[in-house]
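*Asks:* Questions regarding the structure given below will be posed in turn.
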Amino acid sequence: MTPEVDRPEAASSGSTPAASRTPATPAVPAVDAPPETQDLAWRHRHLLDVDDLTRGELETVMGTADAMREVLARPIAKVPALRGTNVTILFYEASTRTRVSFEAAAKNLSCDVTNIAAASSSVSKGESLVDTVRTVEALGAHMLVMRHNVSGAPYLASEVFGGAVLNGGDGWHAHPSQALLDLFTLRSRLPGRSLEGRKIVILGDALHSRVARSNIWTLTAMGADLWICGPSTLLRGFEGWAARGAAGRRFTVTSDVDAAMRDADVVMALRIQKERMAGGLLPSLREYAARYGLTKERLRLAKPDCIVMHPGPMNEGVEIAADVAVDPRSVITAQVTNGVAVRMALLYLLAGARRAGGNA
Ligand code: MLT
């Protein structure tokens, strides 16, 4: 059921038992009202990764994002829920989708937004991350959305920042809002809004991909049969992860692209992340495209209605053929659009936890 987000009387008081495998009915936030007035099934003050979110908490994010999507469908897609909240967006790496999407999400919730591009800030004069974060807080930020090329940087920021930190991507490590918007997109496309038993293939440069790492947690938590596929040089470490597997999670790692694609319900192509790649991992992009690129021919091995995803930015003709990117089965544009609703939900939930003194 889609929660109604702006009518206080629609709020329910469900709570989610920790680590529950059964999706709980999420508490319904009424987002015209500030989040501290709601009984939200959410305890996290920061969003650093998705590895510690229970299935119930994932459902809470999804339900809140459903509500935000309804807000976005209104003639004026704006609610006053977070009026008076200052959001600073601090990006040390290039971004279009994630940065603009967080900014749109914050503005739709009536936050005041400040953007800082590290290249044009005091960071370029040698200021440390800790000093920058303290400065941003002294200037009045309540929530900090940050992207950093070093894995773990948002964890450090969360130790010194008094408000909420949202990780907009750190190194190779995590990209939690991307994984959540991917989950939201799949949930709205798959029959019964369920990933249970669905064969989902992540194809490409998993080694350098924070998107793959965060998606592994969310997709397996929701019961998907997850396959990671690419050249063996770009799968290092993933076999061990799959072998250790958390109880009940299905996770296969292979370089056999035909086996991965056969009867797939979903395929998510990943960009070859040249900027994070040391030499010698791939013979050439041309050979990579020929052996692992997502083409119409490869897609024929999958189920006829296989959903095609890509987190962007795409290198068409390398990891995905141009005609596949715009195929009717592609939800790549929907992923971008859904990112705004999901990030609104995250800001809303974290603002609620921050005001209630959330712990994690
Ligand atoms: C990321 O920031 O990791 C992107 O969304 C995916 C990519 O860079 O390929």
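Since every read-out is calculated from the coordinates, none of them should be taken as a lab result. Quick caveat, the model's predicted, so the values are computed rather than measured. Glycine gets a Cβ as well: all are built from the backbone with ideal geometry, and neighbour counts include every protein chain shown.
*Asks:* With label points built 7 Å along Cα→Cβ from the Cα atoms of L139 and I76, find their separation and express it in nm.
*Replies:* For the pair L139/I76, the computed spacing is 3.0 nm.
*Asks:* Report, ordered by chain and residue number, the lysines lying within cross-link reach of K107, taken as a straight Cα distance under 24 Å and ignoring same-chain residues fewer than 8 apart.
*Replies:* K78
*Asks:* Extent of segment 69-126 along each principal axis, from alpha carbon coordinates, in Å, largest to smallest?
*Replies:* In descending order, the Cα extents are 44, 24, 11 Å.
*Asks:* For a test of the definition: using alpha carbon positions, the gyration tensor, and the 1.5 limit on a/c, classify segment 178-331 as rounded, prolate or oblate.
*Replies:* Note, shape of segment 178-331 comes out oblate.
*Asks:* Among DSSP beta bridges lying fully in the chain, give the percent that are antiparallel, nearest 5.
*Replies:* Once the DSSP bridges in the chain are tallied, antiparallel ones form about 5 percent.
*Asks:* Which whole-number percent of Cα pairs in the chain have a distance greater than 31 Å?
*Replies:* Result: 33 percent of Cα pairs exceed 31 Å.
*Asks:* Treat the count of other C-beta atoms within 10 Å as a stand-in for reagent exposure and order E297, E137 from fewest to most.
*Replies:* Final ranking by Cβ density, sparse to dense: E297, E137.
*Asks:* Collect residues whose amide H, placed 1.01 Å from N in the peptide plane, falls under 5 Å from the amide H of I202; neighbours closer than 5 in sequence don't count.
*Replies:* Long-range HN contacts for I202: W227, I228, C229, M268.
*Asks:* Further question on the same structure: Roughly how many debye, to the nearest 20, is the charge dipole of segment 236-327 about its Cα centre, given +1 on each Lys and Arg Cβ, -1 on each Asp and Glu Cβ, and no other charges?
*Replies:* 360 debye
*Asks:* Still on this structure: Report the trypsin sites (Lys or Arg not before Pro) located in segment 220-321 that are in a DSSP loop and have at most 12 other Cβ atoms inside 10 Å of their Cβ, or state none.
*Replies:* R236, R300
*Asks:* Given Cα pairs under 8 Å that are at least 6 residues apart, what percent is the relative contact order of the chain?
*Replies:* Computed value for the chain: 19 percent relative contact order.
*Asks:* If you don't mind, another one. To make sure I understand the rule: partners must be aspartates and glutamates, Cα under 19 Å from the Cα of K296, and not fewer than 8 residues away in the same chain. Which ones qualify?
*Replies:* Reachable aspartates and glutamates: D256, D258, D263, D265, E287, D305, E316, E319, D323, D327.
*Asks:* In what order do C229, C306 fall by count of nearby beta-carbon atoms within 10 Å, going from fewest to most?
*Replies:* Lowest count first: C306, C229.
*Asks:* Residue farthest toward the positive end of the dipole of segment 178-331, with Cβ of Lys/Arg at +1 and Asp/Glu at -1: which of A243, P328, L190?
*Replies:* Going by the Cα projections, it comes out as A243.
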